[in-house]
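The values are calculated or read from the model by the stated rules, or taken from the named source; none is laboratory data. All values reported here derive from a predicted model rather than from experimental measurement. Note that we place each Cβ from the backbone using ideal geometry, even for glycine, and neighbour counts take in every protein chain shown. The accessibility values were calculated without ligands, DNA or RNA, using every heavy atom of the protein model including side chains. Shrake-Rupley method; radii C 1.70, N 1.55, O 1.52, S 1.80 Å.
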Amino acid sequence: MKKLLKFGIKVIKYFYYSMILNTGYETLYIIGNGFDLYHGRNSSYKDFKKFLAIKNPEVLEKLEDYLGGKSLWSDFEEALARLDTEKIVEECENYLQSYSVEDWKDSYNHDYQYEINKRIDLITEEMRKLFTEWVLQIQLTEEAYTKKIYLYNNSVFLSFNYTNTLEKLYKVQAKNSMSKVDFPYFKKIIDCI
């Protein structure tokens, strides 16, 4: 946790020095999911869970099985680091066949690895695709326009959101913001750790 906190401080310092001091901006806004939730967007991980329940219940079931049960939705990003690999291995053990099995086949060599990979792909690649699909379908409601807050001119934004609320609702230009998807900035910071 200390390393994550140090990383967060480095991100903010880097952003502050490269975007505020070097450009003349006066205000730094750090935007998180509370910003989207305030504007009525259904962008919580519990909303993602509801999306999965409809779109792909198998992914939902496996995420809960391998990442800490139903409590994973309260701290999804942290839960991703606690993948229960032992559970995956146990679940696939019945695909391990002994060479002494009477009707042994060459394909038995690959069944276990295939089943492991199938489960990992489900909770990584398939989940990532579904997450992207979910984020892209989150709409701005009419309520959002009634909840706009005043943001100072001559400002810069550090956004940790997956949505485009800042750009759509407040017309913030890309040159005035950095988000999770602006990888080159984070790559420079990660290289410094």
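Here the gap between E90 and E143, fully extended at 0.36 nm per residue and compared with their Cα-Cα distance, gives a gain of 14.3 nm.
Over every Cα atom in segment 118-177, the radius of gyration and the widest Cα-Cα span, Dmax, amount to 15.7, 50 Å. Label reach from K105 (point 7 Å along Cα→C-beta): in segment 114-135, amide nitrogens under 19 Å belong to 114-118.
Per residue, segment 23-148 exposes 63 Å² of accessible surface when a 1.4 Å probe is rolled over the protein heavy atoms with every protein chain present.
Take the residue pairs K129/K168; K55/K168; K147/K168; K62/K129; K49/K70 and return only those whose Cα atoms are more than 20 Å apart.
Values: K129/K168 23 Å; K55/K168 26 Å; K147/K168 14 Å; K62/K129 15 Å; K49/K70 10 Å.
Listed pairs above 20 Å: K129/K168; K55/K168.
Here the label points at L83 and F160, each 7 Å from Cα along the C-beta direction, are separated by 2.3 nm in the simple model.
Please tell me the relative contact order of segment 30-130 in percent, rounded to the nearest whole number, where contacts are Cα pairs under 8 Å and at least six residues apart. Walk me through the numbers on the way to the answer.
Values: 62 pairs, mean separation 22.7, N = 101.
Relative contact order here is 22 percent.
Residues of segment 155-170 with an amide N closer than 20 Å to a point placed 7 Å from the Cα of Y45 along the Cα-to-Cβ direction: 159-164.
Loop-located trypsin sites (Lys or Arg not before Pro) in segment 116-150 (DSSP state not H, G, I, E or B) with no more than 11 neighbouring Cβ atoms inside 10 Å: K147, K148.
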